[in-house]
Every structure is written in C-alpha cells, then in structure tokens.
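K.L.:
Next up is a structure, given as structure tokens.
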Amino acid sequence: MMNVNDLRTWFPSIDGNEEQRKILLSGIERIIRELDEMKDPEKLTLGDMPNYTEDYYNKIAEKSIVPEAGANYDDVISSIMELSKGHRFINRNYVANATPLANVASILGNLLMVLLNGNNIWDVDGSAAANAEVRVTSMLSKIVGYDPDMSSGYTTWGGQGAVFNSLRMAIARMFPHSNETGVPNNLYCFCSELSHFSLYKSMEATGIGTNNLIRVKVNPDHSMDLNDLREKMEEVIRKGGIPLYVLATMGTTDTFGIDDLSAIKTLTTQLEDQYGLAPIFIHADTAMGGMYTFFNDYDYEKNPLQFEAEVVEVLKGYTAKFKHIHLADSMVFDFHKLGQTPYITSLFLVKDKMNFQYVDLDPEETPYVGNRGYGSYHTSYTLECSRMGSSIAIYASLLAFGKEGYQQLLANYVRVNLQFRKRLLEVFSNAAVTNEVAPVTTFRFYPNEVIWEKELQGQATLSELQEVNEFNDRFAELIGIHRDTIYFGNTKKQRKVHVIDHDERQSVYAHKLYTVSPYTTVEDVEHYIAFLKQYMDIHTKELAYA
Ligand SMILES: *Cc1c(COP(=O)(O)O)cnc(C)c1O
C-alpha cells in the first residue's frame with residue numbers, strides 16, 4: 001500500500017534534487033527512444049496500423065476501468081507507448097492536410113509550459129505565458145501591420161476559436177447591451193461558400209442562427225466574388241437586416257483561395273456610408289494563410305534568400321493580398337498549421353484593443369482572479385477561464401526560425417507544389433490541376449479526356465460531371481486502402497460549378513496534396529507521382545474490364 005510520501009516519486013521535486021530529475025528524464029528519454037525505434041521514412045505510421053474493425057473502440061471501452069492500485073513507473077510508460085503504435089507520423093508520406101510536424105523549439109516550449117503549469121488567465125498564476133503572449137502579440141502585430149500599441153491578442157482554441165471570438169466581439173461592439181438582453185434577430189454574416197465551417201458553428205453558438213449566414217459565390221481562383229457579396233449585402237439591407245460581419249478567408253482550407261481584403265473593406269465602408277450603417281466587423285480568417293504575412297516586407301527585387309523566379313512570382317502574388325490584412329478588425333495565426341508547432345497554438349489578434357471592453361466581464365463577476373491588487377495581466381474577456389500557455393511554444397518557434405527560417409519553410413511548400421503540378425501534368429494525360437499555386441494542390445483525374453475547362457465554365461452536363469466525380473471518388477477509395485504508404489487528401493466540395501442541363505450547381509470532387517513538412521522536398525515529388533501512377537494504372541484497368 002502506498003502512502004502520500006511514496007506518491008511523491010510521481011511528482012517533480014521541490015528542491016531540484018538530482019535523483020528526481022533523473023527519474024523524469026529517464027521517462028522522457030525512453031519515450032523519445034521508443035518513438036524513434038518505430039519510425040520508418042517509407043511508411044506513414046509508427047509501427048503497424050491497428051485493424052480498425054467496427055467494434056474497435058467498443059472493445060477498448062468495455063475493458064477500461066480505473067485500476068484499484070497504481071502501477072509502477074515503467075508499466076505506466078509502457079501503457080502510454082502502446083497508444084502511439086500505428087499513429088501517423090508527419091514525415092514526407094503524409095500529404096493529406098495542413099498537419100504540422102511540431103518543431104523541437106516548440107516541443108521544448110510546450111514542455112516548459114507543462115512543467116511550470118501556469119494558468120494563462122492571470123499573470124500571477126502564469127507569468128511565463130503572460131510574458132510570452134505579450135511578446136508574440138507585439139511581434140506578430142508588427143508583421144501584419146497592426147499598430148502594436150493599439151492591438152492586442154491571446155492564444156485560444158484554434159482558428160475556429162478566433163472566428164467565434166471575433167463574431168462575439170462584433171455582436172457586442174454593435175449592440176453593447178446584447179450581452180444582457182440577447183442577440184437581435186436581424187443580424188447577418190457573410191462568407192465565401194468555400195470558407196471553413198467555423199463561422200457556421202459560430203452562428204449556431206452565438207444564437208444568431210445559421211439561416212442568417214449568407215454564403216457568397218467564388219471566382220475561378222476560389223476568392224469571394226465581390227459583386228455577389230455586394231448584391232447579397234444590399235439585399236439584406238433592403239429587407240431590413242443588418243450586415244454585422246464579413247469573414248474574409250485568406251487561404252481556404254482545401255484550395256488556398258485568398259479573398260481580396262482591401263476590396264472587401266472598400267465595399268463595407270461604401271455600404272456603411274451609403275446606408276448609414278454601424279461599422280461592419282471584418283475578421284480575416286488567416287488560419288491557413290496567415291504565416292505568409294512573413295513575406296510582407298520581403299524584398300522581391302533583391303530576393304536575399306535567392307528563391308527561384310517561379311517561386312518569387314507566387315509569393316509576390318500572395319504578398320499583394322496579405323499586406324492588406326491590417327485592414328481587418330481581427331485575424332489569427334494558426335501556428336499548428338503552416339507554423340509547425342503542436343496543437344493548439346493559435347493566436348487571435350485584434351487590431352483595436354478597445355474592442356475587448358465589449359466582451360469583458362465586470363470585475364464583480366470574476367472574484368477568483370485579478371481583483372487583489374496584484375497582477376496586471378488578466379484576460380477576463382476570453383471564453384476560456386483556465387487557459388493553456390501555448391504562447392510559449394509560439395515564442396520558442398519564432399526565436400528558433402526567425403523571419404527568414406519561416407520564409408524558407410513557407411517558400412519550400414510552394415516550390416514542392418510547383419514541381420508536383422508540373423510532373424502530374426507531364427505524367428498523366430488524364431489529370432487536371434484545379435487550383436492556383438499553393439501549399440496545397442487540388443487535382444482531378446478523368447476516365448477519358450480532360451474536360452476541366454468545360455466543367456469550370458459550366459458547360460459540362462450533369463452526367464459528365466457525375467461520371468468524373470465518381471471516377472475520382474473510387475480512386476480515392478483505392479489509394480485510401482494504401483494510406484499507410486502515402487496518405488493523400490481528398491475533398492467532395494472543392495468548389496461548385498454550373499452544369500448545362502440542371503439548375504443547381506454541383507460539387508467538384510478532387511484529390512489534395514498538402515506538403516507542409518520540412519521533409520517534403522522537390523526530390524520527393526517523384527515518390528508521390530509513382531504512387532499515383534501505380535494505382536491509376538490499376539484503376540483504369542479495372543474500369544476497362546468492368
Ligand atoms: C483550419 C481552419 C480553421 C479552423 O482552425 P482550427 O485551428 O482547426 O480550429 C478555420 N479557418 C480556416 C480557413 C482553416 O483552414
């Protein structure tokens with residue numbers, strides 16, 4: 001039987017003694033070593049993937065029970081290491097989504113966060129993370145062009161959290177009494193039809209309701225069609241509704257479409273003047289694209305990092321759009337996407353910190369923190385109460401890479417995609433690339449000749465389009481079986497297109513290559529192409545016999 005004193009070996013020391021340090025270090029060493037032993041650059045997973053039968057999780061649940069007595073150190077580590085068997089590892093074989101391989105600086109930052117176990121709600125409880133949060137907020141404000149004396153920010157629950165927090169702020173800014181009386185029922189929000197579902201969920205959760213979410217059509221480059229936005233905003237106004245909020249997506253999740261923020265700002269300002277409206281809140285959803293602001297002051301003429309001309313061309317195009325982010329009322333840095341840090345490391349940045357007053361709690365409502373006269377950093381405007389100090393991991397990464405390091409990583413994503421697009425079209429006579437150059441390439445295969453242009457122009461028939469969708473859906477199934485070798489992503493709604501013989505626009509299916517690892521280089525492209533080729537040959541043969 002253990003007593004409390006015995007249990008102390010499960011805790012870090014309070015006097016810094018070497019013995020207890022060694023216990024912790026030995027566990028960490030073992031975990032890292034055993035993970036390393038499972039790594040295989042030719043495979044996606046650590047060890048073999050389990051057989052995920054229907055009742056896989058049910059079986060696990062059935063035999064799970066809190067043990068009567070605690071286990072010893074080695075057994076606990078053995079048990080948690082069991083969990084990692086078959087886990088996907090972000091080497092060059094994972095190209096399905098913008099999933100990061102957490103960099104070492106951020107891992108150490110996270111470890112420090114856990115060891116200090118600060119609570120980011122209050123500097124008295126979490127001075128390290130408060131300190132790091134103030135730093136990264138200022139650093140990143142300067143990168144995007146917010147006035148660092150006016151801006152503010154905090155780490156929160158993802159890009160989705162940033163959308164929710166910005167919507168809540170928009171409501172309270174336009175209707176300061178809505179916090180007490182509830183949300184008016186004639187508020188409307190606008191976003192691209194390719195935007196992330198974050199806003200849809202936030203419409204539900206704020207009580208505005210998803211019926212009041214207006215989806216705007218997209219241009220061929222997957223950015224919001226601003227004529228359609230204007231028409232839809234004016235229609236809302238004509239019918240007595242109030243335009244509250246526009247979500248400008250800067251890097252759509254599947255296709256990396258980038259909305260024209262500057263034109264959106266011009267449009268909302270015009271409508272405000274014309275109709276005497278209160279300022280319409282603009283949140284730049286930069287969860288996917290935000291890191292590319294690191295090029296905002298890159299000298300493309302001198303090109304100090306010597307990027308290839310075609311890479312420069314693409315980056316320059318991004319900068320032309322991302323340099324306007326400072327016009328948005330808020331934005332987000334999702335470091336756990338293109339910034340290569342652990343989940344969750346998202347910084348919600350607000351251009352004008354005065355806006356926090358609309359969502360702040362009365363000190364009387366927060367008797368637990370911040371009203372003792374000590375501590376000057378107190379985030380009572382967050383939806384979280386206790387909040388993890390993930391700013392430490394962000395801070396560590398920014399120090400480790402600097403602006404240049406990130407520019408190198410971000411340029412490489414583009415470089416690899418350029419090569420992939422080129423090779424795909426060379427090797428496959430039945431392939432089309434269906435988005436602009438980005439860290440992600442969407443592509444589509446055809447059973448016969450390529451009719452992408454026709455589909456995009458709305459000139460295909462419904463059955464033609466469906467046949468191609470099905471061809472791609474089946475191919476996704478086929479390569480999905482072999483996902484422990486290479487895991488490609490796919491989407492059933494890359495975009496919508498018109499067809500000639502049906503009123504409703506139809507969804508386009510596509511495959512995705514997302515290369516956001518420092519281990520995906522131009523040389524690896526042949527590896528992806530060979531994989532696709534191997535299974536496309538099987539796929540077309542099967543079809544011929546069918
Ligand atoms: C990923 C993503 C989100 C959601 O971000 P999380 O960090 O996963 O919550 C929101 N918007 C866009 C455009 C995204 O790509």
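The values are calculated or read from the model by the stated rules, or taken from the named source; none is laboratory data. Given the structure is predicted, the values throughout are model-derived calculations rather than measurements. Reconstructed Cβ throughout: ideal geometry from the backbone, glycine too, with neighbour counts over all protein chains shown. Ligands, DNA and RNA are stripped out before the accessible areas are found, and what is left, the full protein with its side chains, is counted by its heavy atoms. Shrake-Rupley method; radii C 1.70, N 1.55, O 1.52, S 1.80 Å.
K.L.:
Between the DSSP loop rule and a limit of at most 13 other Cβ atoms within 10 Å, which chymotrypsin sites (Phe, Trp or Tyr not before Pro) in the range 15-59 are left?
P.N.:
Tyr52
K.L.:
Sticking with this one: Any idea how far the Cα center of the range 438-504 sits from the one of the range 409-434, in Å?
P.N.:
Cα centres, the range 438-504 to the range 409-434: 17 Å.
K.L.:
Also, I was wondering about something else. Could you work out [θ]222 nm for the chain from helices alone, using -39500 (n - 2.57) per DSSP H run of at least four and dividing by all its residues? Round to the nearest 500 deg cm²/dmol.
P.N.:
Counting only the DSSP helices, I get -13500 deg cm²/dmol.
K.L.:
Excluding residues fewer than 8 places away in the same chain, name every one of the aspartates and glutamates whose C-alpha is closer than 17 Å to that of Lys454.
P.N.:
Asp221, Glu464, Glu467, Asp501, Asp503, Glu504
K.L.:
Would you mind calculating the gained length between Glu404 and Val522 on full extension (0.36 nm times residue separation, minus the Cα-Cα distance), in nm to one decimal?
P.N.:
This chain segment gains 40.5 nm when fully extended.
K.L.:
If you restrict to DSSP beta bridges whose two residues both lie in the range 140-251, what percentage is antiparallel, to the nearest 5?
P.N.:
10
K.L.:
Is the C-alpha gyration tensor of the range 10-123 telling us rounded, prolate or oblate? Criteria: a/c under 1.5 is rounded; beyond that, a/b larger than b/c is prolate, otherwise oblate.
P.N.:
oblate
K.L.:
Let me ask another. Taking +1 at the Cβ of each Lys and Arg and -1 at the Cβ of each Asp and Glu, which of Phe190, Phe295, Tyr94 sits farthest along the dipole of the chain towards its positive end, judged by Cα position relative to the Cα centre?
P.N.:
Phe295
K.L.:
For the chain, what does the alpha-carbon gyration tensor say about shape, rounded, prolate or oblate, given a ≥ b ≥ c as the root eigenvalues, a/c under 1.5 as rounded, and a/b over b/c as prolate?
P.N.:
Verdict is oblate for the chain.
K.L.:
Could you work out the relative contact order of the chain? I mean the mean sequence separation of Cα pairs under 8 Å and 6+ apart, divided by the number of residues, in percent.
P.N.:
19
K.L.:
A further question follows. Note down the relative contact order for the range 400-524 as a percent, whole number, built from C-alpha pairs under 8 angstrom at least six residues apart.
P.N.:
RCO, the range 400-524: 27 percent.
K.L.:
How far apart, in nm, are two points set 7 Å out from the Cα along the Cα-to-Cβ line at Lys492 and at Ala309?
P.N.:
4.4
K.L.:
Okay, next question. At 1.4 Å probe radius, can you tell me the per residue accessible area of the range 142-184 in Å²?
P.N.:
Computed with neighbouring chains in place, this is 39 Å² per residue.
K.L.:
How high is the relative contact order of the range 18-89, given as a whole-number percent (alpha carbon pairs under 8 Å, six or more residues apart)?
P.N.:
49
K.L.:
Follow-up. Quantify how much of the Cα-Cα distance distribution of the range 145-261 extends past 21 Å, in percent.
P.N.:
Considering the range 145-261, 42 percent of its Cα-Cα pairs are separated by more than 21 Å.
K.L.:
Full extension from Lys63 to Asp537: what is 0.36 nm times the residue separation minus their Cα-Cα distance, to one decimal in nm?
P.N.:
166.2 nm
K.L.:
Give me the percent of accessible area attributable to carbon and sulfur for the chain, probe 1.4 angstrom.
P.N.:
Its accessible area is 52 percent carbon and sulfur atoms.
K.L.:
Given a cut-off of 20 Å, name the pairs among Lys217/Lys512; Lys39/Lys533; Lys321/Lys512; Lys201/Lys353; Lys422/Lys533; Lys59/Lys85 whose C-alpha atoms lie farther apart than that in the structure shown.
P.N.:
Over 20 Å apart, Cα to Cα: Lys217/Lys512; Lys39/Lys533; Lys321/Lys512; Lys201/Lys353.
K.L.:
Name the chymotrypsin sites (Phe, Trp or Tyr not before Pro) in the range 236-306 that are in a loop by DSSP and that have at most 16 other C-beta atoms within 10 Å, would you?
P.N.:
Loop-located and lightly packed - Tyr300.
K.L.:
Restricting to bridges with both residues inside the chain, how much of the DSSP beta-bridge set is antiparallel, in percent to the nearest 5?
P.N.:
Percent antiparallel among DSSP bridges in the chain is about 60.
K.L.:
Ok, one more. Would you give the gap between the C-alpha center of the range 160-239 and the C-alpha center of the range 91-142, rounded to a whole Å?
P.N.:
What the calculation gives is 30 Å, centre to centre.
K.L.:
Something else: Take the Cβ-Cβ distance between Lys39 and Gln457 as r, set R0 to 60 Å, and report the resulting FRET efficiency rounded to the nearest 0.05.
P.N.:
0.80
K.L.:
Quick one, could you list the DSSP H helices from the chain stretching 20 Å or more along their long axis (Cα atoms) with average Kyte-Doolittle hydropathy of -1.0 or above?
P.N.:
18-38, 127-144, 158-174, 261-275, 391-427, 462-481, 525-545
K.L.:
Taking a point 7 angstrom from the Cα of Ser26 along the C-beta vector, which residues in the range 81-125 have backbone N less than 18 Å away?
P.N.:
Of the residues in the range 81-125, 81 have backbone N under 18 Å from the label point off Ser26.
K.L.:
With labels modelled as points extended 7 Å from the Cα through the Cβ direction, what inter-label distance (nm, one decimal) is found for Glu82 paired with Glu477?
P.N.:
Spacing of the two 7 Å Cα→Cβ label points: 3.5 nm.
K.L.:
Measuring from label point to label point, each 7 Å out along Cα→Cβ, what is the Asn448 to Arg230 span in nm?
P.N.:
A separation of 4.2 nm, rounded to one decimal place.
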